[in-house]
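Only one structure is covered here, and it is reproduced in the block below.
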Amino acid sequence: MSISGVILSGGKNSRFGSNKAFVEFDGARIIDIALAAHARRFAEVLIVTNEPDAYQGLDARIVTDIHPNFGSLGGIYTGLWHASGEAVFVTACDMPFVDPAVMDLVLSRFEDVDIVVPRIDGYYEPLMAIYAKACLPHMAASIEANIRQIIRFFPQVRVREIPEADIRVVDPALRTFVNINTREDLDRALSPP
């Protein structure tokens, strides 16, 4: 089954104060870190954004939200709808420590299911996950019902969870799941572990 890469970059950045995708992080912009991780694995990479002009010149297909202001669920839906692949691997643009080994682990579990998603500390991590096209009608129903929580449609599809213990084998500190929402988050992430 063909898989496209999708990077969500449609947030309002209200807590950060500027577009965090373009913030320098350890010598590279965060969006470039995400793009590099996806480009090594997927022939097609899409960036879902509400500021398409800001992303011109990047080596990715730029698409805008079909359902603006509907958060991450709307972004995943948009990426999946536009993707030429039969499924998408979704990450967020504000995750500077995406570990290729974690991506490969998630990819290795994608067979005969509609979603593969890590579960950390009892919670799903829906922005480091794979979604098949079979999810589209269920996502659309959630959007129509104004249900923004991504995981609410999970009971209607086939989901494979990746236990935290399996993730810790390749990413012991779970740094992959660190995201940058505020300037303080950025400072913490840039500090030595």
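Quick note: the coordinates plus some simple rules give every number you see, no bench work behind them. Keep in mind that what you see is a predicted model, and the values were worked out from it rather than measured. Here the Cβ is made from the backbone with ideal geometry for all residues, glycine too, and neighbour counts use every protein chain on show.
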Worksheet item: Taking 0.36 nm per intervening residue step and subtracting the Cα-Cα distance, what contour gain separates Tyr123 from Asn50 on full extension?
Response: 23.5 nm
Discussion item. Can you compute the modelled spin-label distance between Ala39 and Arg160, with each label point 7 Å from Cα toward Cβ, in nm?
Written reply: 2.9
Response to the item:
Most packed first (mean Cβ within 10 Å per residue), the peptides 84-96, 109-121 order as 84-96, 109-121
Fill in: segment 61-193, relative contact order [Cα under 8 Å, separation at least 6], %
30
Discussion item. From zero outward in steps of 5 Å, how is the percent of C-alpha pairs of the chain spread across the bins?
Written reply: 1, 8, 17, 21, 22, 18, 10, 3, 0
